[in-house]
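Down below is the structure, laid out as structure tokens.
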Amino acid sequence: MEEETIVVDRIAEIWGTRTPYPRDGLWPVRVDQALAEGVTEADIDRWVQSACVLCSNGCACDIAVKDGAMVGIRGRAGDLVNHGRLGPKGLFASWQGMSHPDRLTRPLIRENGELVECDWDTAMNRITERSRELLRTRGPLSHGFYTSGQLFIEEYYALAIIGKAGIGTPHMDGNTRLCTATAAAAMKESFGADGQPGSYTDIDSCDAIFLYGHNMAETQTVLWSRVLDRIEGPDRPKVVCVDPRDTEVARHADVHLAVRPGTNMALMNALIHEVLANGWWDEEYVQAHTTGLEQLKATVADWTPEKAAGICDVSADDIREAARIFGTSARVLSTVLQGFYQSAQATASSCQVNNLHLLRGLLGRPGCGILQMNGQPTAQNNRECGADGDLPGFRNWENPNHVQELADLWDVDPLTIPHWAPPTHAMQIFRYAEQGSIEFLWISATNPAVSMPDLSRIRRILEKPELFVVVQDLYLTETAQAADVVLPAAGWGEKTGTFTNVNRTVHLSDKAVDPPGEAHTDLDIFLDYSKRMGFTTLSGAPLLSWSGPEDGFRAWQECSRGRPCDYTGISYDRLRGGSGIQWPCNEENPDGRERLYEDGVFATDPDYCESYGHDLLTGATVGSEAFRATVPAGRAILKTADYSPPHEEPDSDYPMRYTTGRTAYHFHTRTKTGRSRPLRQAAPSAWVELGPNDAQRLGIQEGDMVRVSSRRGKIEVPVRISDIRDNTVFAPFHYGYWDAGGSPGAHPTAANELTLTEWDPVSKQPVFKNAAVKVEKIGHANGPAPAPTTTASRPVAAARNRMRPTVGGSDAHATEQVDAVPPPHFPEAIKPGASAPVFSGARQGQVGRP
Amino acid sequence: MNVNIYLGMLHRAETTLAESFRQVADGHASEPDVYALCHTLAKQCDEHSDRLQPVVERYGEASDGEPERLHAEGLSTTRQGPLGLLRDLQDLYLLGSFVDVTWTMLKQAGSALHDEELLDVVAHCDHETSVQLRWLQTRMKQAAPQALVAAR
């Protein structure tokens, strides 16, 4: 095959070079690579296998190592997820985000109000002294753990065992609560357990793709490249976009429903109404494989497109057209993300997406899938391993047999494992800390001082002198600055472990280099704590006696055995060299499984399911008896609730709607991306977006400084006039204060200064995408706003050619090699297991050049 | 016929429950879920009274003149702190249970009377009341360990 390597400015060209392909074709390979300045391929000592951790897509990559340092990254051609591609964040902030001189290299403890360096013994002793004293005087409920969507399986599982079997606290959660809790909740309600029904390969085969509150072009840039390559192919799928902003997705959409923030449920009810009213549903499938049709019919009975159009402020004809595309396309893929998950009625709206697919039986076949997306690279593992409070292996806390299984596995008393109530979600953990009943809070790899809602409140809680805060991170984040003990952690490329992306693909990330200074891996820190605390099993053995990550992986495999997320057929060895593997991977599925529920049998058997479900309006648990009485027996549940308006609506004091989100160039609170020169230059500082009508009404021009305020606080930033819908203000959530003196100062920039403390009743995910605000001009422009021109923050057409487009220049050069090798496909791309026959054909994706 | 007595009891109880939900919502506004959901459920109680209205118009509502021996007067004020929240939710649970069982008795009457309108109202409202109770129980079970064991 013709090989051609070209150089592309991947800041200017976020999605890189197009490689169009037809329906049911294989997505061509394009190997993306970026090396440090002055480094050539010939200089590289070795390539070390990994996968990218700068979004949830899970792009497989190899890390270039020279003289013991990471100097470059390249996409893995043979991996089923990315076929060699990487996005701008992976190219420019993966190893670069780890190699910055700001890295923490020694533990810190607070002495006389100041953080001072110390050795590990001193830091760990301070933690264990406080921990022991509190366990003795106040008991396990005094301890809370708030972790991440960034750690590895082995680390989450260690943390889950420490929390549930060592200490016995229900107060464990991760920032996955902010990004992906609704994905899990919606799948548990509809299908009985977490686990993505679809696969990325459904993009290859679909006739229509619906993106619900999912700005895929910026949140998962490589996945969007796959969609773009279908769009540019000979038989493009129809695209329907639900988003209040004029995103790149909206620009390619056949129907763009720019709904008023907070009204998703009204739209979903109307779409279902249309599918039912027009007879576009599959009666046979619904009868055989679902329950709850009558309730669903009753709920949507009066939800005509006109009624929803009035509430959502979109045209009824557009709703009808979207419904027609859904109802009449042979194969439909739906993807859902924060526009639904962080908005009003999050779980209910996301369940309606599942319901649309169930009504048409569009599941478990190529091109027919649902991707209830994740926001973070390892969010899935937090959910699986139970570091988010759920029980490991998608076990059901209300099922005593499941609790007993864990007690047997860990050799502990089942009463130690907290299962008397739902796990405590993140917002409630902080509430208990605020009230003083949680006095020990261990935060790992996350930055709540910027990422949680209503920041002035979160800062007050973290600074409470009675609250003992441990922070384990790469950098001295805003949160770490408020800690009592700071532990320097090793990160990506500096440790070995596994993690799983949105579509259940498990990747291995091998250690490429040593961590800086005295930084320890998160796993070693957790194991050290467990050992120092002397946690033991019933037979007196150490609770955690793993010597390293591979021990942890094997322990996790045992925990996952027989559960929906079965890892027993995967090993480090199988993951080295081949493609990532989609769970379940076991005797029945030796190469993993591309799609779930092909046979229409769901995980709702009461003895097997992860949850008995909830009432979607209130979050009331259904309970074992009532659930069993509905005899779900493997049928999916058409769960629903009526529309109820958002709790904070615009009024005369705060007349506009406020929503927040990501830009393509940054991740989270910029701890890595803000330390990458090309990414920092592409989106250097905060802004807000206003539509042209609102700007004119308020006398505001491009780049003017404004104050945006809500009942909680204010931000003061320049304005980008973009094509966002009327009466709506958008702010990117990345811009905290670590690079601006550490605190908000006179001109706060963090989007969450304004957001409200409220959460979905089922998933407990905070509502970041709806608040009431007012906007006032406070200063004249010094030039355009610092917002990228290449993304949803693109200026309105009239201003576009007066503005310098976002480019990266030579800093942002990456190479792209198209069609380097034939595309990988399932299952040939999977390395055989030890007992499986050796595949005789050519195998892609070995380390080293193809 | 004494249906009018039970209609009167239920109407008063739903009104009391609505007021009490609002009282707890505002008294515990620092618990965002309690604040939001108690207001939502208060509105549900108001709606129940509205739905009952056509039935009340047919049968009337009355009191049996007996003194109330078990007082279910609603919450006059809210308590404070984690334990106070638990106690207040428990009071709501008691009021809700009274509403719930009163709906059940009206269902019995409606069945005996073959009154489809009454049975439709009961089916809708009693289901919502039972969800209210389930939510209260879910929320109390969540709050109880912390309030009873860990709170200072």
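Which residues, counting only those in the stretch A:597-627, are of a type in the set (S, T, N, Q) and under 30 Å from A:PRO645 (Cα atoms)? Lay out the reasoning, then the answer.
Just the residues of the stretch A:597-627 that are of a type in the set (S, T, N, Q), to begin with: A:604, A:611, A:618, A:621, A:624.
Within the stretch A:597-627, A:SER611, A:THR618, A:THR621 meet the criteria.
Would you say A:GLY279 is in a loop (DSSP other than H, G, I, E, B), small (Gly, Ala, Ser) and more than 30 Å from A:ALA772 (Cβ to Cβ)? Step through it out loud before you land on a result.
Numbers: in a loop (DSSP other than H, G, I, E, B): yes; small (Gly, Ala, Ser): yes; more than 30 Å from A:ALA772 (Cβ to Cβ): yes.
Yes: the conditions hold for A:GLY279.
Condition check: more than 30 Å from A:GLN220 (Cβ to Cβ), within 14 Å of chain B (Cβ to nearest Cβ), touching a residue at least 60 places away in the same chain (Cβ under 8 Å) and among the aliphatic types (A, V, I, L, M). Does A:ILE461 satisfy that? Before the answer, list the steps.
Values: more than 30 Å from A:GLN220 (Cβ to Cβ): yes; within 14 Å of chain B (Cβ to nearest Cβ): yes; touching a residue at least 60 places away in the same chain (Cβ under 8 Å): no; among the aliphatic types (A, V, I, L, M): yes.
The answer is no for A:ILE461.
For the stretch A:602-616, what are the residues that are within 14 Å of chain B (Cβ to nearest Cβ) and more than 24 Å from the chain's Cα centre (by Cα)? If you could, list the steps in order and put the result at the bottom.
Quick first cut of the stretch A:602-616, residues within 14 Å of chain B (Cβ to nearest Cβ) only: A:611-616.
Of everything in the stretch A:602-616, those that are within 14 Å of chain B (Cβ to nearest Cβ) and more than 24 Å from the chain's Cα centre (by Cα) turn out to be A:TYR612, A:ASP615.
Of the residues that make up the stretch A:652-665, is at least one at pLDDT 95 or above, farther than 20 Å from A:VAL53 by Cβ and among the aromatic types (Phe, Trp, Tyr)?
Yes, there is a match, as at least one residue in the stretch A:652-665 is at pLDDT 95 or above, farther than 20 Å from A:VAL53 by Cβ and among the aromatic types (Phe, Trp, Tyr).
Based on this model, can you work out whether A:ALA626 counts as surrounded by fewer than 20 Cβ atoms within 10 Å (Cβ to Cβ), of a type in the set (A, V, I, L, M) and more than 14 Å from chain B (Cβ to nearest Cβ)?
Working: surrounded by fewer than 20 Cβ atoms within 10 Å (Cβ to Cβ): yes; of a type in the set (A, V, I, L, M): yes; more than 14 Å from chain B (Cβ to nearest Cβ): no.
No, not satisfied.
Considering only the stretch B:111-152, state which residues are away from chain A (no Cβ under 14 Å), crowded, with 21+ Cβ neighbours inside 10 Å and either more than 20 Å from the chain's Cα centre (by Cα) or β-branched (Val, Ile, Thr) (or both). Break it down into steps so the answer makes sense when it comes.
Restricting attention to the stretch B:111-152, the residues satisfying the condition of being away from chain A (no Cβ under 14 Å) are B:111-119, B:121-122, B:125-126.
Filter once more, keeping what is crowded, with 21+ Cβ neighbours inside 10 Å: B:118, B:121-122, B:125.
Passing the criteria: B:VAL121, B:VAL122.
Can you tell me how many residues within the stretch A:629-651 are within 14 Å of chain B (Cβ to nearest Cβ), of a type in the set (A, V, I, L, M, F, W, C) and in a loop (DSSP other than H, G, I, E, B)?
1
Pick from the stretch A:435-459 the residues that are of a type in the set (Ser, Thr, Tyr) and outside any helix (DSSP H, G or I): which of them is surrounded by the fewest Cβ atoms within 10 Å (Cβ to Cβ)? Talk me through it step by step, then tell me what you get.
So the first thing to find is which residues in the stretch A:435-459 are of a type in the set (Ser, Thr, Tyr), and the list is A:437, A:444, A:446, A:451, A:456.
Then keep just the ones that are outside any helix (DSSP H, G or I); that gives A:437, A:444, A:446.
On the way: A:SER437: 22, A:SER444: 25, A:THR446: 29.
In this case the residue turns out to be A:SER437.
From A:ARG554, A:ARG563, grab the single residue that is touching a residue at least 24 places away in the same chain (Cβ under 8 Å) and farther than 30 Å from B:LEU41 by Cβ. Please lay out each step first, then the result.
Working: A:ARG554 fails: touching a residue at least 24 places away in the same chain (Cβ under 8 Å).
Just one listed residue meets the conditions, A:ARG563.
Picking from A:SER530, A:SER571, A:SER579, which residue would you name as being crowded, with 22+ Cβ neighbours inside 10 Å, among the hydroxyl-bearing types (Ser, Thr, Tyr) and more than 20 Å from A:LYS164 (Cβ to Cβ)?
Values: A:SER530 fails: more than 20 Å from A:LYS164 (Cβ to Cβ); A:SER571 fails: crowded, with 22+ Cβ neighbours inside 10 Å.
Going through A:SER530, A:SER571, A:SER579 in turn, just one is crowded, with 22+ Cβ neighbours inside 10 Å, among the hydroxyl-bearing types (Ser, Thr, Tyr) and more than 20 Å from A:LYS164 (Cβ to Cβ): A:SER579.
Could you please find all residues in the stretch A:59-102 being aromatic (Phe, Trp, Tyr) and assigned to a loop (DSSP other than H, G, I, E, B)?
Narrowing the stretch A:59-102 to residues aromatic (Phe, Trp, Tyr): A:92, A:95.
Listed by number, the list holds a single entry, A:TRP95.
Here is a list: A:THR182, A:THR169, A:THR128, A:THR105. Which entry is of a type in the set (S, T, N, Q), in contact with a helix residue (DSSP H, G or I) (Cβ under 9 Å, 6 or more places away or on another chain) and not in a helix (DSSP H, G or I)? Lay out the reasoning, then the answer.
Numbers: A:THR182 fails: not in a helix (DSSP H, G or I); A:THR128 fails: not in a helix (DSSP H, G or I); A:THR105 fails: in contact with a helix residue (DSSP H, G or I) (Cβ under 9 Å, 6 or more places away or on another chain).
Of the residues listed, the single one that is of a type in the set (S, T, N, Q), in contact with a helix residue (DSSP H, G or I) (Cβ under 9 Å, 6 or more places away or on another chain) and not in a helix (DSSP H, G or I) is A:THR169.
Out of the residues in the stretch A:1-43 that are small (Gly, Ala, Ser) and surrounded by 14 or more Cβ atoms within 10 Å (Cβ to Cβ), which is farthest from A:ASP207 (Cα to Cα)? I'd like the intermediate steps shown before the answer.
Our first condition is that a residue be small (Gly, Ala, Ser); within the stretch A:1-43, this holds for A:12, A:16, A:25, A:34, A:36, A:38, A:42.
Remaining after also requiring surrounded by 14 or more Cβ atoms within 10 Å (Cβ to Cβ): A:12, A:16, A:25, A:34, A:36.
On the way: A:ALA12: 30, A:GLY16: 24, A:GLY25: 13, A:ALA34: 34, A:ALA36: 41 Å.
In this case the residue turns out to be A:ALA36.
For the condition assigned to a helix (DSSP H, G or I), closer than 20 Å to A:PRO244 by Cα and of a type in the set (Gly, Ala, Ser), what is the one hit in A:ALA695, A:ALA664?
Values: A:ALA664 fails: assigned to a helix (DSSP H, G or I).
None of the others qualify; the one that does is A:ALA695.
Looking only at the stretch A:388-422, how many residues end up being within 14 Å of A:ASP194 (Cβ to Cβ) and outside any helix (DSSP H, G or I)?
The total comes to 7.
Considering each of A:THR498, A:THR536, A:THR521 in turn, give the residue that is assigned by TED's automatic domain parsing to the domain that holds A:ASP119, free of Cβ contacts under 8 Å to residues at least 12 places away in the same chain and either over 17 Å from A:VAL81 (Cβ atoms) or touching a helix residue (DSSP H, G or I) at 6+ places or on another chain (Cβ under 6 Å) (or both).
Working: A:THR498 fails: free of Cβ contacts under 8 Å to residues at least 12 places away in the same chain; A:THR521 fails: free of Cβ contacts under 8 Å to residues at least 12 places away in the same chain.
Result of the check over A:THR498, A:THR536, A:THR521: A:THR536.
Being surrounded by 18 or more Cβ atoms within 10 Å (Cβ to Cβ) and more than 14 Å from every other protein chain (Cβ to nearest Cβ) is the filter here, so list the residues in the stretch A:131-155 that pass it.
Once the filter is applied, which keeps residues that are surrounded by 18 or more Cβ atoms within 10 Å (Cβ to Cβ) and more than 14 Å from every other protein chain (Cβ to nearest Cβ), the stretch A:131-155 yields A:SER131, A:PHE145, A:TYR146, A:THR147, A:SER148, A:GLY149, A:GLN150, A:LEU151, A:PHE152, A:ILE153, A:GLU154, A:GLU155.
Does the stretch A:117-130 include one or more residues that are within 14 Å of chain B (Cβ to nearest Cβ), among the polar types (S, T, N, Q) and over 30 Å from A:ARG76 (Cα atoms)?
Just the residues of the stretch A:117-130 that are within 14 Å of chain B (Cβ to nearest Cβ), to begin with: none.
Scanning the stretch A:117-130, I find no residue that is within 14 Å of chain B (Cβ to nearest Cβ), among the polar types (S, T, N, Q) and over 30 Å from A:ARG76 (Cα atoms), so the answer is no.
When you go through B:GLU31, B:GLU14, B:GLU47 one by one, which is the residue that is in contact with a helix residue (DSSP H, G or I) (Cβ under 9 Å, 6 or more places away or on another chain), over 18 Å from B:GLY84 (Cα atoms) and within 14 Å of another protein chain (Cβ to nearest Cβ)?
Working: B:GLU31 fails: over 18 Å from B:GLY84 (Cα atoms); B:GLU14 fails: within 14 Å of another protein chain (Cβ to nearest Cβ).
Answer to the selection: B:GLU47.
Would you tally the residues in the stretch B:75-122 being farther than 19 Å from B:LEU136 by Cβ and charged (D, E, K, R)?
5
How many residues does the stretch A:746-764 hold that are surrounded by fewer than 22 Cβ atoms within 10 Å (Cβ to Cβ) and away from every other protein chain (no Cβ under 14 Å)?
Adding up the residues that qualify gives 2.
Residues that are within 14 Å of chain B (Cβ to nearest Cβ), buried (at least 22 other Cβ atoms within 10 Å of the Cβ) and within 30 Å of A:THR424 (Cα to Cα): does the stretch A:769-784 have at least one? Spell out how you get there, then give the answer.
Of the stretch A:769-784, the ones within 14 Å of chain B (Cβ to nearest Cβ) are A:770-771.
From what's left, buried (at least 22 other Cβ atoms within 10 Å of the Cβ): A:770-771.
So of that shortlist, the ones also within 30 Å of A:THR424 (Cα to Cα) come out as A:770-771.
Checked the stretch A:769-784: at least one residue is within 14 Å of chain B (Cβ to nearest Cβ), buried (at least 22 other Cβ atoms within 10 Å of the Cβ) and within 30 Å of A:THR424 (Cα to Cα).
The values are calculated or read from the model by the stated rules, or taken from the named source; none is laboratory data. Because the structure is predicted, anything quoted here is derived from the model rather than measured. A quick note on method: Cβ atoms are made from the backbone with ideal geometry, for glycine too, and the neighbour counts reach across all protein chains shown.
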